[in-house]
Structure formats: structure tokens, C-alpha cells
Amino acid sequence: MLTSRQLAVVMWLVIFVVFVMVLALTQKNVRSSVVPLLKTLFASKLLVSFAIIIGYNAAVVWFLWQIGYWDASMLYDTWHSSPSVVLDRLPERHRGRAPTIGASI
């Protein structure tokens with residue numbers, strides 16, 4: 001069950017997505033940017049990066065489940081801490097500044 005804070009975040013995200021969709025449908029310059037945005041979002045380098053992150057997290061969770069240190073009640077905490085674990089593995093030259101996808105691949 002979602003807490004009130006999480007529910008508020010979900011509501012604001014829905015409002016934002018609806019706003020962007022209305023904007024995309026009503027303004028031609030925004031509408032013409034949708035296809036390039038989707039092509040960029042699903043670029044092969046990004047998909048490979050996401051697949052590696054998901055695979056790494058799945059392997060760690062599976063291993064911890066096998067040895068008895070993880071169960072389904074920890075799913076919420078696992079979901080929210082996984083990106084920080086992966087981003088913590090960035091090389092030292094990237095720390096202290098915003099990492100770029102190209103520099104990490």
C-alpha cells in the first residue's frame with residue numbers, strides 16, 4: 001500500500017504526464033519532437049545499460065534470496081536502493097559531477 005507521500009508523488013506525476021500529453025497534442029513544435037525523443041529514449045546504448053543494471057540487481061537479489069538474506073517483504077527497499085548502488089560504482093573521475101551516459105558506457 002502506498003503512503004500518503006508516495007500517493008502525492010504519483011498524483012503529481014499523473015498531472016505532469018497529462019499536461020505534457022495535452023501540450024504535445026495541441027502544439028505542433030512539441031508534437032514534432034515526440035518521435036526523436038522516443039528514438040533517443042530507446043537507443044541501443046541506453047537499453048543495454050538498463051538491461052545490465054536490471055540483470056545485476058536481479059542476480060544480487062537472487063543470490064541473497066538463495067542464502068536466506070532476502071525475501072519479498074524487502075522488495076520496496078530493494079527497488080529504491082538499486083539505482084544508488086549502481087551509481088556508486090561509477091569511476092572516481094565521474095564523482096562529484098553529474099555523470100553522463102556516454103562517459104559511463
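The values are calculated or read from the model by the stated rules, or taken from the named source; none is laboratory data. Since the structure is predicted, the reported quantities are computational estimates derived from the model, not experimental observations. Neighbour counts run over all protein chains shown; Cβ positions are idealised from the backbone, glycine included.
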Seminar exercise, completed: When (1) modelled with pLDDT under 85; (2) surrounded by 10 or more Cβ atoms within 10 Å (Cβ to Cβ) are applied to residue 61, the one that fails is (1)
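Which ones in region 64-76 are of a type outside the set (A, V, I, L, M, F, W, C), part of a helix (DSSP H, G or I) and modelled with pLDDT of 85 or more?
Taking region 64-76 first, the residues of a type outside the set (A, V, I, L, M, F, W, C) are 66, 68-69, 71, 73, 76.
Of the ones still in play, those that are also part of a helix (DSSP H, G or I) are 66, 73, 76.
Hit for region 64-76 is 66, nothing else.
Counting just the residues of region 1-48 that are of a type in the set (Val, Ile, Thr) and exposed (fewer than 10 other Cβ atoms within 10 Å of the Cβ), which one comes out nearest to the chain's Cα centre (by Cα)? Quick ask: steps written out before the conclusion?
From region 1-48, those of a type in the set (Val, Ile, Thr) are 3, 9-10, 14-15, 17-18, 20, 22, 26, 30, 34-35, 40, 48; that's our starting set.
Going one step further and asking which of them are exposed (fewer than 10 other Cβ atoms within 10 Å of the Cβ), we end up with 3, 26, 35, 40.
Numbers: 3: 20, 26: 28, 35: 20, 40: 15 Å.
Selected residue: 40.
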